[in-house]
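Below is one structure, written out as structure tokens, with a few remarks after it.
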Amino acid sequence: MGIVLKDILAILPNGEKDEVRKTCIYIEGNRIAAVGEKPKGFREDKVIDGQDRLVIPGLINCHTHSYMAFMRNVADDLSFMDWLFGTIDPIEQQMTDEDTYWGACLAIIEMVKSGTTCFNDMQMNIHQTTRAVKESGMRAVISRGLIGSGHDEAGQMRLRQAYEERDAAKDCDRLSFMLGPHAPYTCDDEFMRVVSEEAKKNGMRIHVHLSESVSEIEQIREKYGLTPIEMADRNGLFDVPAIAAHCVQVTDEDIAILKGKKVSVVTNPASNMKLGNGFAPIGKMVEMGVNVCLGTDGAASNNSLNMFRELGLLTLIHKGVNKTPQCISAREGFRIATINGAKALGLEEETGSIEAGKKADLAILDLNTPSLTPRNNLIAGLSYSANGSEVETVIIDGKIVMEDRKVLTMDEELVYKKINEIIVRMGLDKKEYE
Ligand SMILES: [Zn+2]
């Protein structure tokens, strides 16, 4: 099928920068066939009028737990360890595979509606997120969360599930897989070594949580006399391309390790603030040349999966924390939310920018909205004033997944109904806000 975005304003890469330019974009099959000139023999099956519209590369959410969308607003205003082990863990003990499937569906609807076309997920119930991804037309990178100690059977079972899930999704090229050792406080050093050996052997990337809270730092320091980043490095996690979520409580030596080992850092500002974990030194990391990308974390700790809100926070909080208005500019922020994410996931040849040959992963925004008026600086508009409601049409892998704000691939009403039923069944509906 050939789709043309006709005479549309687009955010296009120009060297290391992005520029806004009016152009035509030709999509053939799942790829962008051309930007500008119509390719020879191109068949126009559908024309999208670009009048008063802006097309951007779909945003890339580099760290989330999509199944947690049904846990939105169920565990608020708690310390990190109370949130995780006191509230979320008991809910996870009683959730079924179907619950996680509906959670992933809700997450995908929320992400598509706010312009995200690819997400990097860590989860536990295999086949459920991949099922939602396959049905919805979304692009995703999946890690089965791995927890283990030494060569224990539970850890080995999780590893087998990770491969089983990967092998069962071979028919869907919108899905790719990483190994996901959960965190240094849930994986001991020997198990970390087991996972890094597996990753090397199987040519897989690593997705891990590191240095998220002060209590994690204290716990790992007490157990190993190291920072979580030093512990991960010593056990080989960074010997393959790795993506580390959070990196909030880090030393300069930690940042040097991340840079030296080419580890991508996913910053999750809303989740870090909401759990009282603090602010990652993102300005310093960018300055030192670390590839920084952006994520929402799960809806249980954010409580939103809207990357526009995250982009707004990213481009504001570091200015405030460092008392420097130049820290993380609108342009830098936009790249962090797009191409840097693609690099972190090893997908930079496929997505993250609007270029001929790449997969057509695009979000079209309505410019006749207060937040994007006037049109004097649309990149600033995306970073500082857009809220995601401007996203009108979303194309993923060359297919229109949302048109005029209607998600075409999923039954939205059914998903909302199912989620509300889960909350009632678990007795979470009567939770009073104290
Ligand atoms: Zn997380």
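Just so it is clear, none of the values below were taken in a lab; they were calculated from the coordinates. Predicted, not measured: the structure shown is a model, and the values here were computed from it. When we count neighbours, we look across all protein chains shown, and the Cβ atoms used for this are built from the backbone with ideal geometry, even at glycine.
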**Prompt:** Can you give the % of DSSP beta bridges in the chain that are antiparallel, to the nearest 5?
**Reply:** 45
**Request:** Step through the residues of the range 285-297 one at a time and calculate ³J(HN,Hα) from phi using the Karplus curve (6.51 cos²θ - 1.76 cosθ + 1.60, θ = phi - 60°), rounding each to whole Hz and writing x for Gly and Pro.
**Result:** 4, 4, 4, 7, x, 6, 6, 9, 10, 10, x, 9, 6
**Complete:** Along the range 25-40, Karplus-curve 3J(HN,Hα) (6.51, -1.76, 1.60; θ = phi - 60°) to the nearest Hz, with x for Gly and Pro, reads 10, 10, 10, 10, x, 9, 10, 7, 7, 6, 10, x, 6, 5, x, 4
**Request:** Calculate for the chain the 222 nm mean residue ellipticity that helices alone would give, adding -39,500 (n - 2.57) per DSSP H run of length 4 or more and normalising by residue count, nearest 500 deg cm²/dmol.
**Result:** -10000 deg cm²/dmol
**Request:** State, to one decimal in nm, how far the label point of Ser79 lies from the label point of Cys172, with both points 7 Å from Cα in the Cβ direction.
**Result:** 4.0
**Fill in**
Per residue convex hull volume, Cα only, the range 90-177, in Å³ is 97
**Item:** Debye intensity ratio in log₁₀ form over the Cα atoms of the range 1-117, taken at each q of 0.10, 0.15 Å⁻¹
**Value:** -0.52, -0.80
**Prompt:** Using alpha carbon centroids, what distance separates the range 279-329 and the range 140-203, in Å?
**Reply:** 28
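Give me the one-decimal Kirkwood hydrodynamic radius in Å for the range 300-405, with the sum taken over alpha-carbon pairs.
15.0
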**Request:** Note down the nm distance, to one decimal, between modelled labels 7 Å out along Cα→Cβ at Arg160 and at Lys38.
**Result:** 5.8
**Asked** Computed over the Cα atoms of the chain, what is the convex hull's projected area averaged over all directions, in nm²?
**Response** 20.4
**Prompt:** Mind checking the angle between helix 153-168 and the chain's longest principal axis? C-alpha axes, 0 to 90 degrees, to the nearest 10.
**Reply:** 20
**Request:** Over the range 1-106, calculate the relative contact order: mean separation of alpha carbon pairs under 8 Å at least 6 apart, over the residue count, as a percent.
**Result:** 26
**Prompt:** Under a point-charge model restricted to the Cβ atoms of Lys and Arg (+1) and Asp and Glu (-1), what is the dipole moment magnitude of the chain relative to its Cα centre, in debye to the nearest 20?
**Reply:** 1240
**Complete:** Counting only residues 5 or more apart in sequence or on a different chain, those whose built amide H sits under 5 Å from that of Thr116 are Leu59
**Asked** Packing-wise, with mean Cβ within 10 Å as the measure, how do 404-410, 38-44, 383-389 rank, highest first?
**Response** 383-389, 404-410, 38-44
**Complete:** One checks the Cα atoms of the range 77-135 and finds Rg and Dmax, in Å, of 13.2, 36
**Asked** For the range 1-117, with only Lys/Arg (+1) and Asp/Glu (-1) charged at the beta-carbon, what is the dipole magnitude about the Cα centre, in debye rounded to 20?
**Response** 940
**Request:** List the extent of the Cα atoms of the range 159-257 along each of their three principal axes, largest first, rounded to whole Å.
**Result:** 44, 24, 21
**Asked** Using the beta-carbon distance between Glu403 and Asp239 and R0 = 51 Å, what value does 1/(1 + (r/R0)^6) give for FRET efficiency, to the nearest 0.05?
**Response** 0.70
**Prompt:** Gaussian network model of the chain, Cα springs within a sub-10 Å range: biggest mean-square fluctuation belongs to which of Gly352, Gly58, Gly155?
**Reply:** Gly155
**Prompt:** When the chain is fully extended, how far beyond the present Cα-Cα distance does Val214 get from Tyr416, taking 0.36 nm per residue of separation?
**Reply:** 69.1 nm
**Complete:** Beyond 28 Å (Cα-Cα) in this structure, taken from Lys17/Lys323; Lys134/Lys358; Lys319/Lys358; Lys113/Lys343; Lys17/Lys284; Lys170/Lys284, we find Lys319/Lys358; Lys170/Lys284
**Complete:** Highest GNM mean-square fluctuation among Val141, Val214, Val195, for the chain with Cα springs under 10 Å, belongs to Val214
**Complete:** Contact order relative to length for the chain, counting C-alpha pairs under 8 Å separated by 6 or more residues, stands in percent at 21
**Asked** Build a GNM of the chain with springs between Cα atoms under 10 Å: which of Glu37, Glu212, Glu197 gets the top mean-square fluctuation?
**Response** Glu37
**Request:** Quick one: which residues, 5+ away or cross-chain, put their amide H under 5 Å from the amide H of Ile328? H built at 1.01 Å from N.
**Result:** none
**Request:** Give me the number: length gained by fully extending Gln94 to Tyr384, i.e. 0.36 nm times residue separation minus the C-alpha to C-alpha distance, one decimal in nm.
**Result:** 100.4 nm
**Request:** In whole Hz, with x marking every Gly and Pro, tabulate ³J(HN,Hα) for the range 195-204 from phi via Karplus 6.51 cos²θ - 1.76 cosθ + 1.60, θ = phi - 60°.
**Result:** 5, 5, 5, 4, 4, 5, 4, 9, x, 10
**Asked** If amide H atoms are built 1.01 Å from N in the plane of the peptide, which residues on other chains or at least 5 residues away come under 5 Å of the amide H of Lys358?
**Response** Ile32
**Message:** List the Cys residues of the chain that have no partner Cys with a C-beta closer than 4.7 Å.
**Reply:** Cys24, Cys105, Cys118, Cys172, Cys187, Cys247, Cys327
**Request:** Quickly work out the Thr324-to-Arg31 label distance, labels modelled 7 Å from Cα along the C-beta direction, and quote it in nm with one decimal.
**Result:** 4.1
